[in-house]
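Q: The structure follows.
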Amino acid sequence: MLTCWQFYLSSKPKIMSRTKQVDWAICRNLPTRIYRNLLTHKMSLQQQINKSWLVIGHVTDAVIKLPEFYVSEPGRQRVIASDRKNVHAYSIGILLAPSSVSISHSELREIYYCPYSQPYFTWKDSNEPLSSADFLIVTNNRVYCTVDRQQPQLSLF
C-alpha cells in the first residue's frame, strides 16, 4: 500500500499549479492538518510524513473526524505585529472522504477565527471558544462543526 508521499513521488504531474487534488483512496483515515490557504482560496490539507507536515491537496469540501483546534500564540503575535498573514492556526483530525458522513445541517454551527480579535477558534454566532468537536465539515469553503461534543472544562482539583 502506497502512502500519500510515495504516491506523489511516483506520479509526475504534467502541469504544475498551486492547487493539488487529493487522492481520497490513499489519504483518508490518516491524521491530517487543515487550514485556510489565502493564496488558493481553498482549505489546505497536510499529512505527516516522517517528521514533516506535507501538503497533500487543496479542497473546498472535506470532513475531519475528531478535530482539535490549535493557535500558535507566537505566530498570532507575528501576524498582529507585521500585519502579514502566516499559517499559525489549524485543526488536526482524521481525514474522511466528503461523501462518507451524512450530517443534517441543523447539527452544524459555523466556526470562526480572527487573529486580531481573539487567540482561539470560536463559534461564529456566539464567540464561545472551541477546542474540539466530533466533526469538522468544510463545504463550499465554509467551515462548520458538530455541536454535541463536550468541551473540556478546566479543573483545579
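The values are calculated or read from the model by the stated rules, or taken from the named source; none is laboratory data. Since the model is a prediction, treat every value here as computed from it, not as a measurement. Backbone-built Cβ (ideal geometry, glycine too); neighbour counts: all protein chains shown.
Q: Would you mention how many residues in the range 48-93 are touching a residue at least 40 places away in the same chain (Cβ under 8 Å) and within 23 Å of L130 (Cβ to Cβ)? Lay out the reasoning, then the answer.
A: Step one: list which residues in the range 48-93 are touching a residue at least 40 places away in the same chain (Cβ under 8 Å), which gives 49, 54, 56, 58-69, 71, 73, 76, 85, 87, 89-93.
Now drop any that are not within 23 Å of L130 (Cβ to Cβ), which leaves 59-69, 71, 73, 76, 85, 87, 89-93.
Going through the range 48-93 one residue at a time, the tally reaches 21.
Q: Looking only at the range 38-52, count every residue that is over 10 Å from the mean Cα position of the chain (by Cα) and either farther than 19 Å from K85 by Cα or surrounded by 15 or more Cβ atoms within 10 Å (Cβ to Cβ) (or both) and tell me the total. Lay out the reasoning, then the answer.
A: First, the residues of the range 38-52 that are over 10 Å from the mean Cα position of the chain (by Cα): 38-42, 47-52.
In the following step, the residues that additionally are either farther than 19 Å from K85 by Cα or surrounded by 15 or more Cβ atoms within 10 Å (Cβ to Cβ) (or both) were identified as 40, 42, 47-52.
Number of matching residues: 8.
Q: Does the range 70-83 contain at least one residue that is surrounded by fewer than 14 Cβ atoms within 10 Å (Cβ to Cβ), out of contact with any Asp or Glu (no Cβ under 7 Å at 6 or more places or on another chain), assigned to a loop (DSSP other than H, G, I, E, B) and at pLDDT below 90?
A: yes
Q: In the range 77-98, which residues are within 17 Å of the chain's Cα centre (by Cα) and not aliphatic (A, V, I, L, M)?
A: Of the residues in the range 77-98, the ones within 17 Å of the chain's Cα centre (by Cα) are 85-98.
Listed by number, the residues that qualify are K85, N86, H88, Y90, S91, G93, P98.
Q: Could I ask something else about it? Which of the following residues is under 25 Å from D23 (Cβ atoms), of a type outside the set (S, T, N, Q), at pLDDT 90 or above and in contact with a helix residue (DSSP H, G or I) (Cβ under 6 Å, 6 or more places away or on another chain): V59, V63, V138?
A: On inspection, the qualifying residue turns out to be V63.
Q: State all residues of the range 87-111 that are modelled with pLDDT of 90 or more and either in a helix (DSSP H, G or I) or of a type outside the set (A, V, I, L, M, F, W, C) (or both); if no residue qualifies, say none.
A: Passing the criteria: H88, Y90, S91, G93, R109, E110.
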